[in-house]
1. Output the qualifying pairs, or none if there are none: Cβ atoms under 7 angstrom, residues six or more apart or on different chains, first residue in region 46-65 and closer than 14 Å to ASP24 by Cα and modelled with pLDDT of 85 or more, second residue outside any strand (DSSP E or B) and charged (D, E, K, R).
2. Quick test for you: out of PHE199, PHE217, pick the one residue that is within 24 Å of the chain's Cα centre (by Cα), at pLDDT 90 or above and closer than 14 Å to TYR152 by Cβ.
3. Given the criterion among the β-branched types (Val, Ile, Thr) and either in a loop (DSSP other than H, G, I, E, B) or on the phi > 0 side of the Ramachandran plot (or both), identify the matching residue among THR89, THR35.
4. Would region 182-200 turn up any residue that is exposed (fewer than 11 other Cβ atoms within 10 Å of the Cβ) and either aliphatic (A, V, I, L, M) or closer than 15 Å to LYS145 by Cβ (or both)?
5. So, in region 142-175, how many residues would count as being of a type in the set (Gly, Ala, Ser) and assigned to a strand (DSSP E or B)?
6. Any residue at all in region 202-215 that's of a type outside the set (Gly, Ala, Ser) and in a helix (DSSP H, G or I)?
7. Looking at (1) hydrophobic (A, V, I, L, M, F, W, C); (2) under 30 Å from ALA219 (Cβ atoms); (3) modelled with pLDDT of 85 or more, which is the only condition ALA97 fails?
8. Just give me the residues in region 7-32 being β-branched (Val, Ile, Thr) and surrounded by 14 or more Cβ atoms within 10 Å (Cβ to Cβ), in sequence order.
Amino acid sequence: MRRAERLFRLVNEMRTRDVCRAADLAEQFEVGIATIYRDIAHLQASGLPIEGEAGVGYLLRPGFDLPNVTFTHDQIDALAVGLSFVERTGDAALASAAREARAKIQAGLPEPEERKLADAPYFSLHERRNENTGIEMLRVAVRNKQIVQFSYKNASGERSTRRARPLVVWDLSDGLMFSAWCELRKGFRTFRFDRLRDFAVTSEHFQDDAQTGLQAFLAQDECD
């Protein structure tokens, strides 16, 4: 969890309690107690009315609230469509994040009882994917720039072992795909996820350079 997200959730948690013990917060957010102490000190320095001290507990004074987020009705519809789409990708982590994002945004809307994100008159009819942990692994590999390896069957039915530098994931009507720099073919390729076998993320990292990176792919891509 990134620090900015943890700080946001930490404030929300303190709003729901009286006195919060650092040990309890550390257990909930799966970090060390020292991290909670640093987070509290950062929030206090930012002007939040938090009272207390290490070893005793912390209290967020009543009356403090996070500012409401204002969206137009069109923006709410756009968010509803996007979150609904994400929930159907088959990536369990992203689906959970989408639900949490919907609740977080809803809580921050002015007049939340009258403008509900879930009531927007648009819905994604994208076919719901079965949960596939490989998609989550791939997404993390793209983010962390980690080389992946797998067995792949192309359109002709030929199978080969590949090592690739994943750049982007595509969620299309006929299935999930990802584009990468293929070390075997020495070029950009787009792979269908349903043709992969023995997919694994290696511990090796790659650099996003001008010849093999995402911008170069977007300028000239090929499909395998």
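The values are calculated or read from the model by the stated rules, or taken from the named source; none is laboratory data. Everything numeric here is computed off the predicted structure, so don't read it as measured data. Glycine gets a Cβ as well: all are built from the backbone with ideal geometry, and neighbour counts include every protein chain shown.
1. GLY57/ARG21; LEU59/ASP18
2. None of the others qualify; the one that does is PHE199.
3. Values: THR35 fails: either in a loop (DSSP other than H, G, I, E, B) or on the phi > 0 side of the Ramachandran plot (or both).
Just a single option satisfies the conditions, and that option is THR89.
4. Checked region 182-200: no residue is exposed (fewer than 11 other Cβ atoms within 10 Å of the Cβ) and either aliphatic (A, V, I, L, M) or closer than 15 Å to LYS145 by Cβ (or both).
5. We begin by selecting, within region 142-175, every residue of a type in the set (Gly, Ala, Ser); these are 151, 155-157, 160, 164, 173, 175.
If we keep only those that are assigned to a strand (DSSP E or B) too, we end up with 151, 160, 164, 175.
Total meeting the criteria: 4.
6. Our first condition is that a residue be of a type outside the set (Gly, Ala, Ser); within region 202-215, this holds for 202, 204-209, 211-212, 214-215.
Then keep just the ones that are in a helix (DSSP H, G or I); that gives 214-215.
Yes, the conditions are met somewhere in region 202-215.
7. Going through the list (1) hydrophobic (A, V, I, L, M, F, W, C); (2) under 30 Å from ALA219 (Cβ atoms); (3) modelled with pLDDT of 85 or more, ALA97 breaks only (2).
8. Initially, region 7-32 is screened for residues β-branched (Val, Ile, Thr), giving 11, 16, 19, 31.
Correct list: VAL11, VAL31.
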